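For reference, the structure discussed in these notes is given below.
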Amino acid sequence: MALDELDFQTQLVHAGERQPARPGRPVTTPIYTTTTFTYESMADLDAAFSGENEGFLYSRFGNPTNAALESAMTVLERGAGACVFASGMAALHASLLACDLAPGATVIASQDLYGATLRLLYNIFDSFGVRTVTANFNDIETLERLATDSRPRALLAETISNPLLKVCDIKACADVAHKVGARLIVDNTFASPYLCQPLALGADFSVHSATKYLGGHCDATGGVVVARDEMDIGALNGTMKLVGGVLGVWDAHEILRGIKTLGLRMEKQCANARRIAERFATDERIKHVYYPGSANNANANRSEHATNIESSDSSGIAKTLRAGCGGALVTIALVDDTREAAFKFMDNLRLCVRSTSLGDVFTGVLHPATASHRDLSPAQRTRWHF
């Protein structure tokens, strides 16, 4: 039936929709706001449901805008495939589930992790009988003994740790994991694919809070998991479909746009971070400066007065990070190691934004003990030196 034969109310619904494709493709990925997709026949629709063709069905299952971001991250991380989520925590949750965790299973987690990651393990997975053991991932011999004894399903590390900025020797940790039949998950948020590609070093999953450096402009929230093996993509997609932590198409579009300037931003931000670290290292009010450095060793980048830059005790710096880049974050400890002194220091900064995230085009500052690691006990923060 022709559209002009329908009543006006029906024309309001259908006029202009589902236009036939015309020559000429958009040079950037459109924002596909549709929740559902239609087909010419029920047979075509059935073929999409069965997997016979790769068409889209429902945006909880997949969407062209999101698929473009997944394709980009697969290329940038040298993976077999990717899955995007509504947040970095949703992505991390999915990567853990993809490791076949079950009651009685063990996860070995780096003791230097984002506070919410530790809470996910202790508060959520522990309640389902999954045991978490923390370890110093920079002590490979001890880590290997622990893995041999506990037979974990997964090891979980960060490329650059939060908040002490230790650099993980990913290849060595991957070897430990695979010797005991475990999977290695690496949170690559602080490094981004520009500084490190964990899958190329042996990791099984590379996870990002895309809210940070990938988006880069403080206007989108999202997460990504990139898998090294194609067999893991089904488990990641299954979690997305069933748990429903689906990335919105507007955020996907903003993150995909942000990725285009990732290299330029990271180069400049890493250079700025190094200058800040060296400047702080000469200030008598600052007790420690934690920064991985921008060459093979953090110590190699000290100025003649920079006596308190802490080496990240990371043999993996040269093996892990892009040459000449040590990351875009700097962590400091004041001589007056009190909350009041920290707040006063941060309140006196003129150009820095007091915020709860990172990786944006402006310089941000936060206090881990009252922000990212607020829910850790004082004993835990003392034991892990933050």
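Within the stretch 251-275, residues that are surrounded by fewer than 17 Cβ atoms within 10 Å (Cβ to Cβ) sit with their Cβ atoms under 9 Å from residues that are assigned to a helix (DSSP H, G or I) and at pLDDT 95 or above, at 6+ positions apart or across chains, in these pairs: Gly263/Tyr194; Glu267/Tyr194.
To keep it simple, each residue is scored yes or no on (1) buried (at least 18 other Cβ atoms within 10 Å of the Cβ); (2) in contact (Cβ under 8 Å) with a residue 24 or more places away in the chain; (3) under 22 Å from Met240 (Cβ atoms).
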residue: Glu40; (1), (2), (3): no, no, no
residue: Tyr58; (1), (2), (3): no, no, yes
residue: Gly79; (1), (2), (3): yes, yes, yes
residue: Ser110; (1), (2), (3): yes, yes, no
residue: Phe125; (1), (2), (3): yes, yes, yes
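Among residues that are more than 30 Å from Cys270 (Cβ to Cβ) and part of a helix (DSSP H, G or I), His178 is included. The set of residues in the stretch 89-131 being of a type in the set (Val, Ile, Thr) and under 20 Å from the mean Cα position of the chain (by Cα) consists of Val107, Ile108, Thr117, Ile124. Output the residues belonging to the stretch 217-250 that are free of Cβ contacts under 8 Å to residues at least 60 places away in the same chain and surrounded by fewer than 19 Cβ atoms within 10 Å (Cβ to Cβ). Matches in the stretch 217-250: Asp219, Met231, Gly234, Gly238, Leu242. When the stretch 327-358 is filtered for residues that are assigned to a loop (DSSP other than H, G, I, E, B) and of a type in the set (Val, Ile, Thr), the ones remaining, listed by number, are Val330, Val335, Thr338, Thr356.
For the stretch 7-28, the criterion of being farther than 30 Å from Gln197 by Cα and touching a residue at least 60 places away in the same chain (Cβ under 8 Å) is satisfied by no residue at all.
The values are calculated or read from the model by the stated rules, or taken from the named source; none is laboratory data. Owing to the predicted nature of the structure, the values given are computational and were not obtained by experimental measurement. Quick reminder, even Gly has a Cβ in these numbers, built from the backbone with ideal geometry, and neighbours come from all protein chains shown.
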